[in-house]
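For reference, the structure discussed in these notes is given below.
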Amino acid sequence: MADLDDAMQLPVRYVGVDDVPVLLANQFLLQAEQHSDGFIVSIGQLTPPILMGSADEQRQQAQQIPFVPIRIIGRYSLSRERAAALAGLLQQALAVTSGAKQGDPA
């Protein structure tokens, strides 16, 4: 059996990234998987309903809406390790961008 040090390593590349549309994601649902220590992440898009007219007319229109749908744009299963890697990437990006925003002139 081959030693781990002898394992082959091949380069990887993201292919077709620019061919996939960028979608607004503003709703997130996280479920713990029952039979593993991973997670299922559902990502959705909530678009507020269009309400027109006076404030009273808008209120009446809103009362007729039973619910506002969240359209699922993707569901992903992540192991605990990959979820931690994603959380780290997001935290790093937030730290970098919040530092840049703090230095921006008002």
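Some notes on this structure:
- Only DSSP H runs of four or more residues enter the estimate; each adds -39500 (n - 2.57), and after division by the residues of the chain the mean residue ellipticity at 222 nm equals -10500 deg cm²/dmol.
- When Rg and the Kirkwood radius Rh are both evaluated on Cα atoms of the stretch 38-95, their ratio Rg/Rh stands at 1.26.
- The angle between the Cα long axis of helix 80-103 and the longest principal axis of the Cα atoms of the chain comes to about 60 degrees, rounded to the nearest 10.
- By average C-beta atoms within 10 angstrom, highest first, the peptides 16-22, 59-65: 59-65, 16-22
- Net charge over other residues, Cβ less than 12 angstrom from the Cβ of residue 83 (K, R count +1; D, E count -1): -1
- Label of the coordinate-derived value, semi-axes √(5λ) of the Cα gyration tensor in Å, listed as (1) 23, 17, 13; (2) 40, 22, 15; (3) 44, 20, 11: (2)
Here, each number is a calculation from the coordinates, and none is a lab measurement. Worth saying up front: this structure is predicted, and the values here are computed from it rather than measured. No Cβ is skipped: glycine too gets one built from the backbone with ideal geometry, and neighbour counts run over all protein chains shown.
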